[in-house]
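In what follows, a structure is listed as structure tokens, so that the remarks can point back to it.
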Amino acid sequence: MSKVANLCAIFATLVLNCAFAEVYGPDNRSYECFSSSDCFPDECCTLGMHRYAYPTCNELRGLGSSCRPDNDAITFTQAYYPDGTTLNLTNIYTPICPCSSGLVCRHGVCELDQNYIRK
């Protein structure tokens, strides 16, 4: 390989590494989780609806956000992947987190819970 080709390969590798770090770096809050307790306090662990989805931490739904009524946590499930990996998942939601504390899901929208008393 010529010096120019080597430099191009190194540059391409650096660019890809930087792009990967930008998307999946420490500031990105979509970390792999096995339970909602693995996530930040304002997040929950969700499992997407597509085949072989990996669980990720996502923010709890805010005021005015879309939501799923009766979106209770799945207390235990297993996820299976083509490489033979099996994940034991507890206290996760699918496909989105519930409303934040003090909010309730009504007609698919997070609204203020009139019965909620802040401590």
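Read the figures in this text as sums done on the coordinates, not as results from a lab. Since the model is a prediction, treat every value here as computed from it, not as a measurement. Because the Cβ atoms are built from the backbone with ideal geometry, glycine has one as well, and the counts that use them run over all protein chains shown.
Between residue 72 and residue 115, the FRET efficiency from the beta-carbon distance, with R0 = 25 Å, is close to 0.90. Other residues whose C-beta falls under 14 angstrom from the C-beta of residue 92 contribute a net charge of -3, scoring Lys and Arg +1 and Asp and Glu -1. Between amide H atoms placed 1.01 Å from N, distances below 5 Å from residue 113 occur with 103, 104, all of them 5 or more places distant or on a separate chain.
Amide H contacts under 5 Å for residue 34: none, restricted to partners 5 or more places along the chain or on a different chain, H placed in the peptide plane at 1.01 Å from N. Placing R0 at 35 angstrom, the Cβ-Cβ distance between residue 80 and residue 107 gives a FRET efficiency of 0.50 after rounding to 0.05. Entry note, region 31-112: relative contact order of 34 percent, from Cα contacts under 8 Å with a spacing of 6+ residues.
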